[in-house]
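One structure below.
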Amino acid sequence: MPKLATKRRQKDQKKKMENQKQTGPEAPIKVSTLNCINLSNPDIHHSVSLLKQACLDCGFFYVVNHGISQEFMDEVFVQSKKFFDLPLDEKMKVLRSEKHRGYTPLLDEHLDLENQVHGDYKEGYYIGVNVPENDPESEKPFNGRNVWPASGVLPGWRETMEKFHHEALEVVKEVARIIALALDLEVDFFDKPDILGKPIAILRLLHYEGKISDPSKGIYGAGAHSDFGFVTLLATDDVMGLQICRDKDAKPQIWEYVTPIKGAFIVNLGDMLERWSNCIFKSTLHRVLGNGQDRYSIAYFVEPNHDCLVECLPTCKSENNPPKFPPIRCSTYLSQRYKDTHADLNAYNK
């Protein structure tokens, strides 16, 4: 996408945001300007430069011309809304499993224990890599059988989501190649069988109900957090809500809205990649504030294989900058992070 067209879209979206209903003690102060990576650009050096600057700065950027058609993106959003429009008792039939598959009710996730009075005012639906129960790989923490609404309830829903899951993984792998070059690694570093050969890839449909957030009362669409893993793709509708904080240690913290751009993915780095890169690349705090409108988004979290050992990358350490973290297995790290932020499933049986 040409640079001028991107800036024009950002300006139009900023004006739209200003016209949207904004209430509560924290009206938007500023709108973030993020780099935009064109995956069809033949000048890979330009893409690497833009991505590297973004990863050093705030860990957020846009990706356009990623190969997923706008028509299909629109259809995924239509199908997502169809699920969330179902009665609650129908959605609870596919309540998330211990392997993080299925429906997550309102307030199920609690991302900012220090500042949130309740959990997040959002509901979601997890879809992972499908691993049958009789497969030995299913014993791993994030492997398992997907949970689906009955085909009679939502015809074609499963097929749409499986197709999107597959296509989004290809986008992440392309982004990972540019990240590798930005870290002075071989272009196929993350493509290795023991890293992204059998990734933990989780698609999460999200619906933020039309509740107005009020940070002064601890009410958020999604509490402040940084993502746990490697890379996240985020597609959103045109309702503003996502905010980032470039400096989590600032007093007070300064929050910037991220403008949705139709057809683009918002990409951000997770804590695992920050750890992998020895804190050279940034995993940034972000949150969602509701403004009274329903909001839909689609997040796609990609992490390395379960057994991948995450240890300081060879290009990210030196005598003056030794590794800051001990090595840790991917699944060990993720399991603890999920446990810390999700409700105990036994609570739904009471």
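So for the chain, averaging the separation of alpha carbon pairs under 8 Å that are six or more residues apart and normalising by length, what relative contact order in percent results? Reported as a whole number, the value is 22 percent.
About the centre of its Cα atoms, the chain shows a dipole size close to 880 debye [charges on the beta carbon of Lys, Arg (+1) and Asp, Glu (-1) only; nearest 20 debye].
Dimensions of segment 235-331 based on its C-alpha atoms, expressed as ranges along the principal axes with the largest first, amount to 50, 35, 21 Å. The GluC sites (Glu not before Pro) found in segment 38-136 that occupy coil by DSSP, while having at most 12 further C-beta atoms within 10 Å, are Glu98, Glu114, Glu133. Note the listed values [x] 38; [y] 42; [z] 33, then indicate which one is percent of Cα pairs over 29 Å apart calculated from this particular structure. Label of the calculated value: [x].
Rolling a 1.4 Å probe over the heavy atoms of the protein chains gives segment 225-350 an accessible area of 41 Å² per residue. Heavy-atom accessible surface of Val31, to the nearest 10 Å², is about 30 Å², with a 1.4 Å probe and all protein chains retained. Only protein atoms count toward the accessible area here, which uses a 1.4 Å probe; on the chain, the carbon and sulfur part of that area reaches 51 percent.
The loop-placed trypsin sites (Lys or Arg not before Pro) in segment 95-177, going by DSSP, include none that has at most 10 neighbouring Cβ atoms within 10 Å of its Cβ.
Annotation for segment 215-279: trypsin sites (Lys or Arg not before Pro) lying in DSSP loop with at most 12 further Cβ atoms inside 10 Å of their Cβ are Lys248.
For segment 170-316, the fraction of alpha-carbon pairs lying more than 17 Å apart is 64 percent, rounded to a whole number.
Cα-Cα over 27 Å: which of Lys30/Lys317; Lys30/Lys99; Lys122/Lys248; Lys81/Lys251? Over 27 Å apart, Cα to Cα: Lys30/Lys317; Lys30/Lys99; Lys81/Lys251.
The values are calculated or read from the model by the stated rules, or taken from the named source; none is laboratory data. Here the structure is a predicted model, which is why all the values come from computation and not from measurement. Please note: Cβ atoms are built from the backbone with ideal geometry, for glycine as well, and neighbour counts cover all protein chains shown. Protein only, heavy atoms only, side chains kept; ligands, DNA and RNA dropped before computing areas. Shrake-Rupley method; radii C 1.70, N 1.55, O 1.52, S 1.80 Å.
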